[in-house]
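S.K.: To start, I am sharing the structure in question, which I have written as structure tokens.
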Amino acid sequence: MKIIITVLSLFYLQAVLALEPLGENEMDQILGLGGVYLSGDLTINDVGGPLNESGAEPGDAWQQDCAASTNERCGARIAVRTNNTSGWIVLDNLRGRFSFEGLTLKTRLIDSGFDNDGASSSDGASFDRDVFEIGLPNTMNFSNVSYTLANSNKARPTEVGFKQTDIFNVKIDGNVSLSGNLLLFPTGNP
Amino acid sequence: MNKIFLLSFSMLVNVVQADLVSIDDFALSKVDGEGIGLVLEDFIFNAGSETAGGGTIEISGLKGSSGQDVSLHVSQFYILGNGSIRGSVVDGNSTNIGRLSNPFNIELIDGDDVGVANKAVFEFSAPKLHGTTSVFTPTFFNQIGSAGDFTGFNTALFDDDTTTGSRSSERPDIGISVDLEIAAVRTQSLNTHYKRLSIDGSRLRLWGSYDDDVAKTGGRMEGELTLNIYTHDLEFFACNSGDSFGDNSCGTSIHFNDFAAELQLGWGSSQPATFEVNGDGNFVFEIKSLEGICGGANTGIDGCTASSGDQSTDVVERFYSSSGPFSNIYMGEVKVGERSFGNSTISNLQIEYLKVSSHDL
């Protein structure tokens, strides 16, 4: 029995030796992952969704399909107010599909480039820091994305006395070119 | 032995048990400027129905004078590197917006430094201007008229210049072409193009405020907007729908060469700007009046010295000095076709009170 324990404890000792700190030199050989590549596809309130007819009493006019309603407020609604006793600035009837391919997220060391319009000085060399880089997709696709900018006296159309002034509607359908990188970094002296 | 260890560990644990205490507005107001810098590198934005593969962007819901439906169809909306020739050079014509050493910046700043006492202020700022900071050099002395102090116009602001602000490669061309559709008939295409645009020195500051600070009622958002626009050329023209610059249908261009607008809307908590919607569902944009800020009889252009209001002394005096808010507009040359209409300036325009509200038709 004692022999078994002794042998086991020897194994145990060996196991302790297995973890070693990595030296700076070994760390240098490790390649980080290249970041994240994202593609996205978001569809919201494509056929309207559970919003109600304007002016209706609470709870009695829920619509699932905008086409079935004559006086519809149809789609998602974002209401914001900048004074807690006043009315609301509203993005209403928010609907559509929005997709992109190839948004990248990574960190990047900038220590060169960003020349002063081709002059000798390089902003990148004096910057010499890591930044967080969001690589914009070259094309973003909008499919019947629409919204209405409005002012309203109530947060929701179901509330009693609801009144709303629509300012304009925007509808976007098709591709938008958007390329480049958005760089984010701390300013000041962190 | 074990018991002693346990006891001493439990004491240690007790020592580090501290509550998380929320930071109040006063403590937050001491937060110092470590912000987030934003730079767009090699940026291209191009949209609209007349761009390659582009989709439609339609703005509707407007009415003409006799009730017809009016809608705007964006044929091109672009942000490109300079030299885009009204948005026609797209491929590879990218631009940087912001500089690593002078980026767009988001941060919380100490309100005591910007005329909003004892509050934290959210600030979103464009790259800073350095050196002489106005198209007028120096504006304030020009205002009080001492001979020799006005040294002319700082036209370096319109071009690449490392001493004043953004470089040439950091000044994009921006433009929008819109087809006007009235009662389902497309009539005209309206074009607006900015060449080498920079908004250096612009900033938006926002903070919260109460009508009654003690009872904490009537909370609202207040702000201050400094908007600077410097462009080498601002051009407008109109064509038949679907046509673009150079086509026969296009009218004569109106150019504002070397156009600058330096607008300041609001001035700290003494004269905050607010954007609200009233109880009827109409918006109200207001820049408050200074009237009554000193309290009691202690008012007037000589300044209030009483410690009332939320600025301790001399609010009115400072309002009418070089540190007060003022707006300037400068046009180097107005040209219609090839004919020059000379240049014009508006300087030292001070908004004492402004209220704009919408009403239903």
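S.K.: Roughly how much accessible area, to the nearest 100 Å², goes out of reach of solvent when A and B pair up, both sides summed, probe 1.4 Å? Please list the in-between numbers first.
M.R.: Working: alone 13630 and 20290 Å², together 30130 Å².
About 3800 Å² of accessible surface is lost on pairing.
S.K.: What full-extension length gain, to one decimal in nm, is calculated for B:E50 and B:K355 as 0.36 nm per residue of separation minus the Cα-Cα distance? Can you show the working numbers first?
M.R.: Values: separation 305, 0.36 × 305 = 109.80 nm, distance 3.91 nm.
Fully extending the segment from B:E50 to B:K355 adds 105.9 nm.
S.K.: If you count only protein heavy atoms with a 1.4 Å probe, what accessible area per residue comes out for the stretch B:210-267, rounded to a whole Å²? Mind dumping the intermediate values first?
M.R.: Numbers: 2610 Å² over 58 residues.
Normalised by residue count, the accessible surface of the stretch B:210-267 is 45 Å².
S.K.: Of B:E286, A:E24, A:E133, which has the most accessible area and how do the rest follow, probe 1.4 Å? The partial results should precede the final answer.
M.R.: Values: B:E286 35, A:E24 145, A:E133 10 Å².
Reading off the accessible areas and sorting them downward yields A:E24, B:E286, A:E133.
S.K.: Order B:Y210, B:Y353 by their accessible area, 1.4 angstrom probe, all chains in place, largest first. Present the calculation step by step, with values, prior to reporting the outcome.
M.R.: Details: B:Y210 85, B:Y353 120 Å².
Descending order: B:Y353, B:Y210.
S.K.: Still on this model: Go from 0 up to the bin containing the longest alpha carbon distance in the stretch A:83-190, width 10 Å each, and give me the % of pairs per bin.
M.R.: Percent of pairs per bin, in order: 12, 23, 21, 21, 17, 5, 1.
S.K.: If you take the beta carbon distance between B:D91 and A:E24 as r and set R0 to 35 Å, what does 1/(1 + (r/R0)^6) give as a FRET efficiency, to the nearest 0.05? List each step's numbers first, then the result.
M.R.: Working: r = 45 Å, r/R0 = 1.28.
So the FRET efficiency works out to roughly 0.20.
S.K.: Strictly over 26 Å apart at the Cα level, which of B:K128/B:K335; A:K106/A:K171; A:K106/B:K119; A:K171/B:K335; B:K128/B:K355; A:K154/B:K355 would you flag in this model?
M.R.: Going by Cα-Cα distance, B:K128/B:K335; A:K106/A:K171; A:K106/B:K119; A:K171/B:K335; B:K128/B:K355 fall outside the 26 Å limit.
S.K.: Which value, in Å² rounded to 10, gives the accessible area of B:V185 with a 1.4 Å probe and all protein chains present?
M.R.: The accessible area of B:V185 comes to roughly 80 Å².
S.K.: For A:K163, B:K63, B:K119, write out the residues from largest to smallest accessible area, computed with a 1.4 angstrom probe and no ligands counted.
M.R.: Per-residue accessible area, sorted high to low, gives B:K63, A:K163, B:K119.
S.K.: Also, I was wondering about something else. Using the Karplus curve 6.51 cos²θ - 1.76 cosθ + 1.60 with θ = phi - 60°, what ³J(HN,Hα) values do you get for each residue of the stretch B:318-330, in whole Hz, with x for Gly and Pro?
M.R.: Values per residue, Gly and Pro as x: 5, 4, 9, 10, 5, 8, x, x, 8, 10, 10, 10, 9 Hz.
S.K.: Also: Pop out the ³J(HN,Hα) list for the stretch A:125-140 in order, Karplus 6.51 cos²θ - 1.76 cosθ + 1.60 with θ = phi - 60°, rounded to Hz; leave Gly and Pro as x.
M.R.: After applying 6.51 cos²θ - 1.76 cosθ + 1.60, I find 5, 7, 5, 6, 9, 7, 10, 8, 10, 9, x, 6, x, 5, 9, 10 Hz.
S.K.: Any chance you could look up the accessible area of A:D41 with a 1.4 Å probe, heavy atoms only, rounded to 10 Å²?
M.R.: Accessible area of A:D41: about 100 Å².
The values are calculated or read from the model by the stated rules, or taken from the named source; none is laboratory data. Bear in mind that the values here come from a model prediction, so they are computed numbers and not experimental data. Cβ coordinates were reconstructed from backbone atoms using ideal geometry, including for glycine residues, and neighbour counts include every protein chain displayed. What goes into the accessible areas is simple: the full protein's heavy atoms, side chains included, and nothing from ligands, DNA or RNA. Shrake-Rupley method; radii C 1.70, N 1.55, O 1.52, S 1.80 Å.
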